[in-house]
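Reading through the structure tokens given below for one structure.
Since every read-out is calculated from the coordinates, none of them should be taken as a lab result. Just so it is clear, the model here is predicted, and its values are computed rather than measured. Virtual Cβ from ideal backbone geometry, glycine too; neighbours counted across all protein chains shown.
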Amino acid sequence: MSTPRISYVPLEKMTPEMRLEMERCARDGTPRPESSAVRAHVADCFWFFANSWDKVFRNGVLDHRIKELCRVYVSRSVVCEFCGNQRSIKGASEGLQEAHYDDLMNFEKSVKYDARQKAALAYAEAIVWRTATDDAYWERMHAHFTEPELVELGCAIGLTFGQQSWIRTLNIDHHQVMAGTAGSMAPGFEDAQSLTKTKASSEYWARK
């Protein structure tokens, strides 16, 4: 079992409102309880992320499925295993399947994404990898998204990129806080035993 670099705040030291949010994390995930328990050291940081994530990622003006694909693209890019081993329940309810995550790092050549999804992933790519954003790039963005959608997606990607770049350094893992819940866990990560087995496989995505 990994040892977190910053401790988890115990539930009994949280306010009733924070505990309700932790219960939501355990039930619905994205984020899962562990990262929220770290942010709980500073209540403003806890609520900054919880509220921003709810308004910008789970809800908002843009198709949630597109934001979810970009979220996992960022996870794969920065190799944040904690975040990359989660799946949005809302995204799944709206039609995302596990196969949609398979080609994220090769999205331009994949047949699994439509033109709009590829444009969104190119947006994430430019933000994470600092690729060129010339006139042709922006013509592509504006062809697929309204300006409000571009603002929301840019904020969602930026929030994801910053948080995941930090979270990957914390040595946190699933099933360490409020264990016994599996909300939003990717296939093969539903419990601690499955997680250990999946991570040991040569096919585990972070090994590639």
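Quick one: if the Förster radius is 22 Å, what FRET efficiency do Asn59 and Arg116 give, using the C-beta to C-beta distance and rounding to 0.05?
Values: r = 19 Å, r/R0 = 0.87.
Computed FRET efficiency for Asn59 and Arg116: 0.70.
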Computed over the chain: longest principal axis from alpha-carbon atoms vs helix 147-167 long axis, angle to nearest 10 degrees, is 40
Could you give the length gained by full extension between Met105 and Cys155, i.e. 0.36 nm per residue of separation minus their alpha carbon distance, to one decimal place? 15.9 nm
Which ³J(HN,Hα) values in Hz, rounded to whole numbers, follow from the phi angles of the stretch 124-139 under the Karplus curve 6.51 cos²θ - 1.76 cosθ + 1.60, where θ = phi - 60° and Gly and Pro get x? 4, 4, 5, 6, 6, 9, 6, 6, 5, 10, 8, 4, 5, 4, 6, 4
Along the stretch 93-99, Karplus-curve 3J(HN,Hα) (6.51, -1.76, 1.60; θ = phi - 60°) to the nearest Hz, with x for Gly and Pro, reads 5, 9, x, 5, 10, 4, 4
Output ³J(HN,Hα) for the stretch 191-208: one whole-Hz value per residue in order, computed from phi by the Karplus curve 6.51 cos²θ - 1.76 cosθ + 1.60 with θ = phi - 60°, and x for Gly and Pro. 8, 4, 5, 5, 4, 4, 5, 5, 5, 7, 6, 5, 8, 4, 4, 6, 6, 8
Paramagnetic reach from Tyr204 in the stretch 76-103 [backbone N under 15 Å; point 7 Å along Cα→Cβ]: 79-86
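Would you kindly state how much longer the chain becomes between Asp44 and Ala126 on full extension, computed as 0.36 nm times their sequence separation minus their alpha carbon distance, in nm to one decimal?
Numbers: separation 82, 0.36 × 82 = 29.52 nm, distance 2.98 nm.
Taking 0.36 nm per residue and subtracting the Cα distance, the gain is 26.5 nm.
Given the Cα-Cα distance of Ser52 and Thr196 and 0.36 nm per residue of separation, how much length would full extension add, in nm? Show your work: numbers first, answer last.
Values: separation 144, 0.36 × 144 = 51.84 nm, distance 3.13 nm.
Here the segment from Ser52 to Thr196 would lengthen by 48.7 nm.
Could you order the peptides 193-206, 40-53, 84-97 from most to least packed, using the average number of other C-beta atoms within 10 Å per residue? Provide the component values of the computation, followed by the final result.
Numbers: 193-206: 12.9, 40-53: 15.2, 84-97: 18.1.
Ranked from most to least packed, the peptides come out as 84-97, 40-53, 193-206.
I need the calculated FRET efficiency for the pair Asp135 and Glu17, taking r as the beta carbon distance and R₀ as 35 Å, to the nearest 0.05. All intermediate terms of the calculation are to be shown ahead of the outcome.
Values: r = 47 Å, r/R0 = 1.35.
Using R0 = 35 Å, I get an efficiency of 0.15.
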Using the 4.7 Å Cβ rule, please list in number order the cysteines from the chain without any candidate partner. Cys25, Cys45, Cys70, Cys155
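Distance check, please: which entries in Lys109/Lys197; Lys67/Lys112; Lys55/Lys90; Lys112/Lys208 exceed 23 angstrom between their Cα atoms?
Working: Lys109/Lys197 31 Å; Lys67/Lys112 16 Å; Lys55/Lys90 14 Å; Lys112/Lys208 20 Å.
Beyond 23 Å: Lys109/Lys197.
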